[in-house]
Structures are given as C-alpha cells and as structure tokens.
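The values are calculated or read from the model by the stated rules, or taken from the named source; none is laboratory data. In this text, all values refer to a predicted model and were calculated from it rather than measured experimentally. Every residue, glycine among them, receives a Cβ derived from its backbone with ideal geometry; neighbour counts consider all protein chains shown.
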Amino acid sequence: MSSKNKKLSWQRSSILSPFLLLVVVALSIFLSEGIIMYLLQHLHSLSPQAEGIIDAFILTLIIFPVLYIFVFRPMVRLLRKNEEAHRELEKANTNLEIKVAERTSELTTTNKALRESEERFRSVAQSATEAIIVSDSDGNIISWNGSAQTIFGYIEEEIIGQSLTLLLPERYRDAHRNGLARYRATEKSQMIGKTKEYNGLRKDGSEFPLELSLSAWKQDDTIYFCGIIRDITERKQTEIRLKTLSSAVEQTADNVFITDNNGVIQYVNHAFTKTTGYSSEEAIGKTPRILKSGKHDQRFYEELWGTIRSGYVFSASFINKQKNGELYWDEKTITPIKDQEGVITHFVSTAKDFTKQKLAEQEREKLLADLQEAFANIKTLKGLIPICASCKKIRDDKGFWQQVEGYIMEHSDASFSHGICPGCIEKLYPEIAKKMNLTSKGKDN
C-alpha cells in the first residue's frame with residue numbers, strides 16, 4: 001500500500017463510528033454532570049438559575065473539546081483532503097481527457113494516413129503499366145489492377161477469387177501447384193525475389209511472353225504473393241529484328257563500322273576486317289585514323305566532320321590504307337545516329353570496296369595513254385586504207401599493193417621488230433610449242 005493510501009486510510013479511521021461517538025458523548029455528559037453535582041454540593045447559596053448556568057457552562061466546556069477533537073477536526077481535515085483529492089481527480093481527469101484527445105487525434109491522423117496510403121497504393125497499382133496481381137497462399141487471386149486486365153483480358157469482377165492457373169499455359173500448372181505447396185511447407189522458393197521470363201495465357205487462349213517479378217510476405221500467419229508482370233512481346237520482336245539486322249550487317253559484303261559521337265570505333269563487321277586487315281579487337285577502341293592514307297587533305301576531313309556533326313549524311317570516295325600498308329578504294333557513306341531527343345550518339349559508316357574496278361580503270365587509262373602515244377607517232381596515215389582480206393597486203397595511194405609493214409614504215413616514224421606469235425609457233429613448229437607449253441591445251445590449264 002502506498003504512503004498516500006495509508007494516509008487516507010488513517011484519516012478515515014480518525015473519524016469515530018456513530019456508536020463510538022455516542023459512547024464518547026455519553027461519557028462526556030456523565031463526566032460533566034458528575035463535576036457539576038460535585039461543585040453544587042459545595043456551593044449551597046446559588047440560585048436555581050445560577051445552577052443552570054453553571055451546569056450548561058460546564059457541560060459545554062467538557063462536550064465542546066470532545067466533539068472538536070473527535071468529530072469536527074477530523075471532519076474538517078477529511079473535507080479538505082476530499083477537496084484536494086477532488087481537485088487532483090479533476091486534474092487527472094483533465095490530463096486524461098487531454099491524453100485521450102491527443103491519442104484520438106493521433107489515431108485519426110494515423111487512420112487517415114493509412115487510408116491515404118492505401119488509396120495512393122491502389123492508385124499507383126491501378127495506373128502502373130505493369131500487371132500487379134496479389135494472391136493468397138492457395139494461389140487464389142485477391143487483387144487485380146488495370147494493366148492486368150489489359151494484358152490478360154479479364155476484368156476484376158470475373159478474376160477475383162479464381163486460381164492463378166487460369167493465367168498459365170497447361171504445361172506450367174503442375175509446377176505452379178507443386179511450388180505453392182513447397183513454399184507453404186518450407187517458405188523457400190527459387191523464384192522469390194528474382195525476375196524470370198515465362199509465357200502467359202490470355203483470356204482468348206493466346207500465349208504471350210512475359211517477365212515476372214515475384215515477392216511474398218506473411219501477415220497474421222497467412223502467406224501472400226505479389227507478382228509484377230510485364231508483357232515483353234514487343235521487346236522479343238525487337239530482339240528478333242535486332243538479331244536479324246545484326247546478322248545482316250555482319251554478313252553483308254559492304255564494310256561497316258560504328259563509332260560513338262567522338263569517333264571511337266565500337267563495332268566492325270566481317271567485311272571490314274577482311275578489307276582492312278584489322279581484326280575487331282585491333283579496331284575497336286581506335287579511331288578511323290588508322291585507315292588514313294595521306295591521299296586526302298585537311299579540308300576534306302573538315303568537310304566530313306562538319307557535315308556529319310551537323311546531322312547530315314556524308315558520301316565520298318575514299319583512298320584508305322590497309323594494315324599491311326596497301327591502298328584500297330571505297331565508296332563510303334557516313335550517317336549520324338540520333339536518340340529520341342535528336343542528339344547525335346553514334347556514326348555509322350558503310351562502304352563498297354571498288355579497288356579492283358579502280359585498278360582496272362587505271363590499267364585502261366594507261367593502255368589508252370599508250371595507244372594515244374602510239375597513234376601520235378603515226379603522222380601521215382589518214383582516211384580509208386584498203387587491205388586485202390586474203391594476203392593482208394595494203395594498197396598505197398599509187399595503186400600498188402605492198403606489205404603493211406613497209407607501208408607504215410614509209411608513211412610514219414614507226415619501225416618494226418620481227419618475231420613469231422604463239423599461234424604460229426604451234427602451227428608451224430608444234431614440237432617447240434609443246435616444249436614451251438604454248439599449246440591450246442596448255443593454255444587452258
């Protein structure tokens with residue numbers, strides 16, 4: 001018992017019970033009357049009125065202190081304590097009311113925050129582009145957002161309470177049931193906390209590729225699962241297109257290389273390595289300067305970079321140098337690649353190697369130059385010159401027929417050396433032609 005409670009108990013016990021109070025009053029009266037009778041016996045000359053006054057005075061003198069000590073003083077103290085207790089009780093009640101109000105306000109705020117949080121979560125879930133599906137431990141759907149409806153085709157009213165197997169192709173369903181049972185028994189799964197790719201089943205029965213992120217939690221001894229599902233049909237189609245494009249670029253006969261916006265090579269195809277002699281490992285990380293031949297001036301390259309950095313396509317014929325130092329020619333087109341905001345991120349160079357054609361053209365030009373030089377040495381041959389189809393003799397301007405050789409020597413500064421062609425050697429001297437391997441059979445081989 002606390003000291004405060006003990007004090008209150010003592011104060012209550014200090015007030016006499018009615019019976020004890022009656023006994024005390026009676027004894028006081030008895031004592032007073034005894035004293036009065038004793039005094040009156042010694043005071044014979046008093047009148048009856050004086051005796052009455054003395055009787056009342058002595059009675060009052062004895063009874064009043066007794067009543068004060070045993071009744072009034074304890075009652076006053078008790079009343080004061082009651083008032084103090086009442087004030088403390090009122091103060092405690094006030095404090096309690098304040099605390100209750102504060103707690104009620106806190107609970108109201110908390111409940112409001114919880115409702116707002118729940119509403120925000122539901123709004124986020126409903127507006128999410130991914131399907132968000134929640135199920136209980138038996139695999140029955142208990143939450144379904146708008147994207148899930150878009151992806152799978154089921155509205156919320158017809159899917160809530162249904163099994164998740166409704167969304168799975170037949171080949172996955174047994175594994176799904178076994179996985180649920182195993183998680184309920186061990187609370188372990190190889191799928192929880194990971195993202196994996198599977199096939200889903202739409203309401204119309206069609207399958208589609210999806211990406212699943214699965215989580216689980218326990219509340220009030222009940223296990224719940226949440227799956228975030230993304231339809232990756234477009235991504236898969238894009239991957240196929242990119243793979244096809246990559247194969248096409250890799251297998252094309254044109255030289256292809258890709259650089260970043262600083263001109264550092266990030267990719268080369270097989271034709272590039274075949275033409276230049278640089279392997280992909282040697283080229284990647286370098287710049288196209290490794291191909292410079294020195295045949296183009298600074299102005300050429302300034303025009304190139306100015307064009308492509310402005311976002312335009314640059315096309316020109318290039319003379320480049322292979323790894324072994326040999327020159328080669330290609331017809332190159334450099335195209336800037338931009339992101340969605342129009343910022344140039346890469347450059348793609350495609351080129352057709354026309355070295356063989358260029359060398360053949362140079363050879364033709366050389367032959368033409370030689371012929372022009374030869375014809376320039378012929379000074380007087382003009383007009384139509386008749387030649388016999390049988391003996392190959394040529395008729396001069398006087399009407400005489402003579403050898404072509406003599407005619408040309410007569411009318412020009414050209415002179416002839418004499419030899420025999422391979423055809424004539426084979427025809428006239430077959431044994432010699434055989435030793436020299438000049439026969440038609442040897443030529444074919």
Does Glu331 fit the bill of being loosely packed, with under 12 Cβ neighbours inside 10 Å and acidic (Asp, Glu)? no
Residue set Leu210, Leu180, Leu201; condition within 20 Å of the chain's Cα centre (by Cα) and among the aliphatic types (A, V, I, L, M); output residue Leu210
With respect to Phe225, is the statement that it is in a strand (DSSP E or B) and under 30 Å from the mean Cα position of the chain (by Cα) true? yes
Based on this model, can you work out whether Leu212 counts as farther than 30 Å from Lys338 by Cβ, in contact with a Pro (Cβ under 6 Å, 6 or more places away or on another chain), surrounded by 14 or more Cβ atoms within 10 Å (Cβ to Cβ) and touching a residue at least 12 places away in the same chain (Cβ under 8 Å)? no
Residue list for the stretch 179-190, filter: out of contact with any Asp or Glu (no Cβ under 8 Å at 6 or more places or on another chain) and closer than 22 Å to Asp221 by Cβ: Gly179, Ala181, Arg182, Tyr183, Arg184, Ala185, Thr186, Glu187, Lys188, Ser189
Subset of the stretch 159-176 [part of a helix (DSSP H, G or I) and of a type in the set (Val, Ile, Thr)]: Ile159, Thr165
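Okay, residues lined up against (1) touching a residue at least 60 places away in the same chain (Cβ under 8 Å); (2) touching a Ser or Thr at 6+ places or on another chain (Cβ under 7 Å):
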residue: Ser137; (1), (2): yes, yes
residue: Asn140; (1), (2): no, yes
residue: Ile160; (1), (2): no, no
residue: Tyr198; (1), (2): no, no
Go through the stretch 109-158 and give me each residue that's in a helix (DSSP H, G or I), out of contact with any helix residue (DSSP H, G or I) (no Cβ under 7 Å at 6 or more places or on another chain) and modelled with pLDDT of 90 or more. Ser147, Ala148, Thr150, Ile151, Glu157, Glu158
Of everything in the stretch 177-200, what is part of a loop (DSSP other than H, G, I, E, B) and on the phi < 0 side of the Ramachandran plot? Give them in sequence order. Lys188, Ser189, Gln190, Met191, Lys194
When you check Gln149 against the structure, is it of a type outside the set (A, V, I, L, M), closer than 22 Å to Gln219 by Cβ and surrounded by 15 or more Cβ atoms within 10 Å (Cβ to Cβ), yes or no? no
Among (1) surrounded by 12 or more Cβ atoms within 10 Å (Cβ to Cβ); (2) at pLDDT 70 or above; (3) hydrophobic (A, V, I, L, M, F, W, C) - the single one Leu40 does not satisfy: (2)
Scanning the stretch 317-340 for residues that are among the aliphatic types (A, V, I, L, M) and touching a Lys or Arg at 6+ places or on another chain (Cβ under 7 Å), the one nearest to Lys356 (Cα to Cα) turns out to be Leu327
Let me confirm something: among Val313, Val268, Val343, which residue is hydrophobic (A, V, I, L, M, F, W, C), surrounded by 12 or more Cβ atoms within 10 Å (Cβ to Cβ) and either closer than 28 Å to Ser246 by Cβ or in contact with an Asp or Glu (Cβ under 7 Å, 6 or more places away or on another chain) (or both)? Val268
Within the stretch 352-371, is there a residue that is more than 18 Å from Asn261 (Cβ to Cβ), part of a strand (DSSP E or B) and in contact (Cβ under 8 Å) with a residue 24 or more places away in the chain? yes
For the stretch 303-316 the number of residues that are free of Cβ contacts under 8 Å to residues at least 24 places away in the same chain and within 28 Å of Leu359 (Cα to Cα) is 5
Which condition from (1) modelled with pLDDT under 70; (2) part of a helix (DSSP H, G or I) is the one that Ile58 breaks? (1)
Report whether or not Gln190 is exposed (fewer than 11 other Cβ atoms within 10 Å of the Cβ), without any contact (Cβ under 8 Å) to a residue 40 or more places away in the chain and within 28 Å of the chain's Cα centre (by Cα). yes
Output the number of the condition that Thr195 fails; it satisfies all remaining conditions of (1) surrounded by fewer than 15 Cβ atoms within 10 Å (Cβ to Cβ); (2) over 14 Å from Cys226 (Cα atoms); (3) not basic (Lys, Arg). (2)
